[in-house]
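Participant: Dumping the structure here so I can ask a few things about it.
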Amino acid sequence: MSDTSILTITDLRAKVADEDLEILTGVNLEIRPGEVHTIMGPNGSGKSTLAKVLAGHPEYEVTSGDVVFKGQPLLDLEPNERALAGMFLAFQYPTEIPGVSIANFLRTALQARLEDGEEVDLFDFQDELLDRMKLLDMDPSFAERPVNDGFSGGEKKRNEILQMAVLRPSLALMDETDSGLDIDALQIVANGVNTLREENPKMAILLITHYQRMLNYIQPDAVHVMVGGRIVRSGGPEVAIALEEQGYADWKEQEGDEEGKKEEGKEEKEQEEALTA
């Protein structure tokens, strides 16, 4: 495994676009090739916002901080440019695209990587798609269905993993991929991810989840706790186990205490300025 970071996030702050609502309040994170990092936290802590900001979602605006992806500045890139650079976002709520088959969708995505005038070879693509589906133990007929149209929750998430398998990203952002899955579907999705990791040991993953159960199947190198828009604790898998047993109450209280101290400090400073004015 290389010591060179594939993703470095430094004091990242972001808000809802066109609103004065800050969600990310100073995120710092470093991921190396081949590593799996998990972010856990209560609702509203900024986990999914972080994934969307990294992918370039227009609903969010970065106000300060820096992100470097594969040695290059990320934040000035358009969403499609980030994807072309090797970043992939597996959605928490995958979008339905009626009338567009999975096969055509993936072929179009691969075509976007080619230079003008080049074309994806149809027969090579079909062989590649069948190989990817076999790797994930999927029925070939699945590729002819419209993208996520009428899919169950488990089928939508398996389709996300199929996209990962075909596109072979350098960094996969998995935004609560386990949400809404029963135990059988969860195992299928996790097995697919592990199979892709075995095939491409340098692929890094940022896995966002509420629950420790996903980590029973995908072993993380690091677990981070996000509260109030920033990472407040990092450690190994034992952190996830502790959260499962204890919940987030203690971390919310600590965050509340720190915010209270900030407000007190702000008030004291304002009083001092008023006295010296």
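Participant: For helix 249-276, what angle does its Cα long axis make with the longest principal axis of the chain, in degrees from 0 to 90 and rounded to 10?
Facilitator: On a 0 to 90 degree scale, this one is about 40.
Participant: Further question: Treating the angle as unsigned and between 0 and 90°, give the value, to the nearest 10°, between the Cα long axis of helix 102-111 and the longest Cα principal axis of the chain.
Facilitator: Taking Cα atoms only, the helix is inclined about 80 degrees.
Participant: Next question. Compute the angle between helix 183-199 and the longest alpha-carbon principal axis of the chain, please, reported from 0 to 90 degrees and rounded to the nearest 10.
Facilitator: Between helix and principal axis, roughly 80 degrees.
Participant: For region 1-48, what's the relative contact order in percent, using C-alpha pairs closer than 8 Å and at least 6 residues apart?
Facilitator: Values: 65 pairs, mean separation 18.2, N = 48.
Across region 1-48, relative contact order equals 38 percent.
Participant: Further question: Mind listing which GluC sites (Glu not before Pro) in region 1-68 are in a DSSP loop and have 12 or fewer other Cβ atoms within 10 Å?
Facilitator: Details: sites: E19, E22, E30, E35, E59, E61; in loops: E19, E35, E59.
In loop regions of region 1-68 (DSSP not H, G, I, E or B), the sparsely surrounded GluC sites (Glu not before Pro) are E19, E59.
Participant: Please list the equivalent ellipsoid semi-axes of the chain, computed as the square roots of five times the alpha-carbon gyration tensor eigenvalues, in descending order and whole angstrom.
Facilitator: Details: eigenvalues 277, 94, 57 Å².
Listed largest to smallest, the semi-axes of the chain are 37, 22, 17 Å.
Participant: Within the set K47/K202; K15/K156; K52/K156; K47/K157; K156/K202; K70/K157, which residue pairs have Cα atoms separated by over 21 Å? Mind showing how you got there, number by number?
Facilitator: Numbers: K47/K202 24 Å; K15/K156 29 Å; K52/K156 19 Å; K47/K157 18 Å; K156/K202 25 Å; K70/K157 27 Å.
K47/K202; K15/K156; K156/K202; K70/K157, as the Cα separations exceed 21 Å there.
Each value in this text was obtained by applying a stated rule to the coordinates, not by laboratory testing. Just so we're clear, the structure is a prediction, and the values are computed from it rather than from any experiment. Heads up, the Cβs are rebuilt from the backbone with ideal geometry, glycines too, and the neighbour counts pull from every protein chain shown.
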